[in-house]
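Participant: Below is one structure. I have some questions about it.
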Amino acid sequence: MLLLHLSDVDEAGWAEKFRAALAPYPVVRRDDAYDPKDVRYIFVWKPKADAFDGLDNLKAVLSLGAGVDALLKHPNLPDAPIVRFVDYDLTRRMSDYVVANVTMHQRLYSRFQADQAARRWGQFYPPAARQTAVGIMGMGVLGQDAAQCLLALGFEVRCWSRTQKPVQGVEAFAGAGEFDAFLGGTDILVNLLPLTPDTAGILNSDTFSKLRRGGLDGGPVLVNPARGGHQREADIVKALGDGTLGAASLDVFEVEPLPADSPLWDIANCYITPHIAAISNEEAGVSYYAAIIKAHEAGKPLINVVDRSRGY
Ligand code: NDP
Ligand code: OXD
């Protein structure tokens, strides 16, 4: 039996599609009548405290999200393997977000917006893509795809990950020892790290001060569509104010929804979106997890299992 436990999304819609994809395999929602001991798989998003109560025969926890940082903090998380969402549709949506924001900043959008507001005809030529170095933090599923999209547009691409990730055409850096060298050649910093104890708060004043200066007119830029826990928002406000950062694109926040009194809302060169960079699409999600359940029931191993000791 598959149990759905989804908050803030259309659980009924997901259940209907799962029933169609898995029939005659039983699929239940929280409010249905079922025996918790029959549940083999639970599909979750923002699970409540009692989500896992009585599920003594669980084979896997299936995460609607690609990121599992919040799930790993659940106080009653069972010992079963956790499978995260890895999907082409989600990946391409994230690359769309990254490309849109990187090209916006490379073309000096903030400068021309300000000129327009002042009715000023200030001819100034943005650098070519090849003169702009994009540094991607996190070279996993999302980072690797974003890198390929940016390379195809002619950007200089560099990346930083925990272990070395050699990718043709990308200058690769790894580990804490190479972080400063990575930052020192980066004009636009794109964060695609998972949120773990090691990466929490990594987007801070110290990091911003090490980015390359003189590459992009107006200063280096931060693009963060990963997690709000990566960023120190007070440091971003300060850096945008004193020119350490020329601009920022933020999709995620320390507190979501972003509180109405956050100073970030009022900063012209801070581009805010409400955690919409890449959604887990229903069709894609059902097809992915239905295949995983069928394969596992047929005796095959689970795929994309989270390594709890690494935190991602
Ligand atoms: P992956 O697990 O595939 O990749 C993670 C990458 O980060 C790997 O390259 C890993 O290094 C690197 N990494 C992890 N810890 C460290 C560290 N301490 N130092 C340096 N590098 C590190 O994740 P995905 O690409 O699938 O997703 C990334 C994140 O994007 C998710 O965790 C989620 O939070 C976020 N996300 C946001 C969405 C949105 O709508 N805003 C949508 C989907 C995801 P190594 O390769 O060496 O293991
Ligand atoms: C995810 C997200 O992790 O939407 O999938 O943030």
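The values are calculated or read from the model by the stated rules, or taken from the named source; none is laboratory data. From a predicted model like this one, the values you see are computed outputs, not experimental measurements. Glycine also receives a Cβ, built like all others from the backbone with ideal geometry; neighbour counts cover every protein chain displayed. Protein only, heavy atoms only, side chains kept; ligands, DNA and RNA dropped before computing areas. Shrake-Rupley method; radii C 1.70, N 1.55, O 1.52, S 1.80 Å.
Participant: Could you list all residues from the stretch 69-89 that are under 25 Å from Val190 (Cα atoms) and open to solvent by less than 10 Å² (accessible area, probe 1.4 Å)?
Facilitator: Passing the criteria: only Phe85.
Participant: For the condition within 16 Å of ligand 2 (Cβ to nearest atom) and either assigned to a helix (DSSP H, G or I) or open to solvent by 20 Å² or more (accessible area, probe 1.4 Å) (or both), what is the one hit in Val44, Val61, Val98, Val102?
Facilitator: Result of the check over Val44, Val61, Val98, Val102: Val98.
Participant: Give me a count of the residues in the stretch 125-152 that are within 16 Å of the chain's Cα centre (by Cα), surrounded by fewer than 24 Cβ atoms within 10 Å (Cβ to Cβ) and not acidic (Asp, Glu). I'd like the intermediate steps shown before the answer.
Facilitator: Within the stretch 125-152, the subset within 16 Å of the chain's Cα centre (by Cα) is 135-147.
When the remaining residues are screened for being surrounded by fewer than 24 Cβ atoms within 10 Å (Cβ to Cβ), the result is 138, 140-141, 144-145.
Checking which are not acidic (Asp, Glu) leaves us with 138, 140-141, 144.
Counting residues in the stretch 125-152 that are within 16 Å of the chain's Cα centre (by Cα), surrounded by fewer than 24 Cβ atoms within 10 Å (Cβ to Cβ) and not acidic (Asp, Glu) gives 4.
Matching residues to (1) within 16 Å of ligand 2 (Cβ to nearest atom); (2) outside any loop (DSSP other than H, G, I, E, B); (3) outside the structural domain of Arg93 (by TED's automatic domain parsing):
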| site | (1), (2), (3) |
| --- | --- |
| Met139 | no, no, no |
| Leu142 | yes, yes, no |
| Gly215 | no, no, no |
| Ala226 | yes, no, no |
| Asp235 | no, yes, no |
| Ser249 | yes, yes, no |
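Participant: In the stretch 74-87, which residues are within 14 Å of ligand 2 (Cβ to nearest atom) and more than 14 Å from the chain's Cα centre (by Cα)?
Facilitator: Ile82, Val83
Participant: Got a sec? Which of Gln148, Gln164, Gln131 is out of contact with any helix residue (DSSP H, G or I) (no Cβ under 6 Å at 6 or more places or on another chain) and closer than 24 Å to Ser309 by Cα?
Facilitator: Gln164
Participant: Ok, one more. So, Arg92, is that one within 14 Å of ligand 2 (Cβ to nearest atom), in the same structural domain as Asp198 (by TED's automatic domain parsing) and surrounded by fewer than 20 Cβ atoms within 10 Å (Cβ to Cβ) or not?
Facilitator: Spelling it out, Arg92 is indeed within 14 Å of ligand 2 (Cβ to nearest atom), in the same structural domain as Asp198 (by TED's automatic domain parsing) and surrounded by fewer than 20 Cβ atoms within 10 Å (Cβ to Cβ).
Participant: Give me the pairs, please: first residue somewhere in the stretch 181-200 and part of a helix (DSSP H, G or I), second residue anywhere and charged (D, E, K, R) and open to solvent by less than 30 Å² (accessible area, probe 1.4 Å), beta-carbon distance under 8 Å, and either six or more positions apart or on two chains.
Facilitator: Phe182/Arg158
Participant: A further question follows. May I ask you to verify whether Ala291 is open to solvent by 30 Å² or more (accessible area, probe 1.4 Å), farther than 22 Å from Asp96 by Cβ and assigned to a loop (DSSP other than H, G, I, E, B)?
Facilitator: no
Participant: Follow-up. Checking the conditions here, which among Phe253, Phe182 is within 30 Å of Asp307 (Cβ to Cβ) and near ligand 1 (Cβ under 10 Å from one of its atoms)?
Facilitator: Phe182
Participant: Then there is this: Sort through Asp53, Asp8 and tell me the only one that's more than 22 Å from Arg310 (Cβ to Cβ), in a loop (DSSP other than H, G, I, E, B) and modelled with pLDDT under 95.
Facilitator: Selected residue: Asp8, the only one of Asp53, Asp8 that is more than 22 Å from Arg310 (Cβ to Cβ), in a loop (DSSP other than H, G, I, E, B) and modelled with pLDDT under 95.
Participant: Just checking, which of Ile236, Ile303 is within 30 Å of Tyr25 (Cβ to Cβ), hydrophobic (A, V, I, L, M, F, W, C) and touching a residue at least 12 places away in the same chain (Cβ under 8 Å)?
Facilitator: Ile303
Participant: Considering only residues that are in a loop (DSSP other than H, G, I, E, B) and surrounded by 13 or more Cβ atoms within 10 Å (Cβ to Cβ), which ones fall in the stretch 251-275?
Facilitator: Scanning the stretch 251-275 gives Asp251, Val252, Phe253, Glu254, Leu258, Ser262, Ile267, Asn269, Thr273, His275.
Participant: Restricting attention to the stretch 276-288, which residues are surrounded by fewer than 13 Cβ atoms within 10 Å (Cβ to Cβ) and assigned to a loop (DSSP other than H, G, I, E, B)?
Facilitator: Ile276
Participant: Also, quick follow-up: Examine the stretch 5-21 for a residue that is open to solvent by 40 Å² or more (accessible area, probe 1.4 Å), in contact with a helix residue (DSSP H, G or I) (Cβ under 7 Å, 6 or more places away or on another chain) and not polar (S, T, N, Q), and state whether such a residue exists.
Facilitator: So far as the stretch 5-21 goes, yes, one or more of its residues are open to solvent by 40 Å² or more (accessible area, probe 1.4 Å), in contact with a helix residue (DSSP H, G or I) (Cβ under 7 Å, 6 or more places away or on another chain) and not polar (S, T, N, Q).
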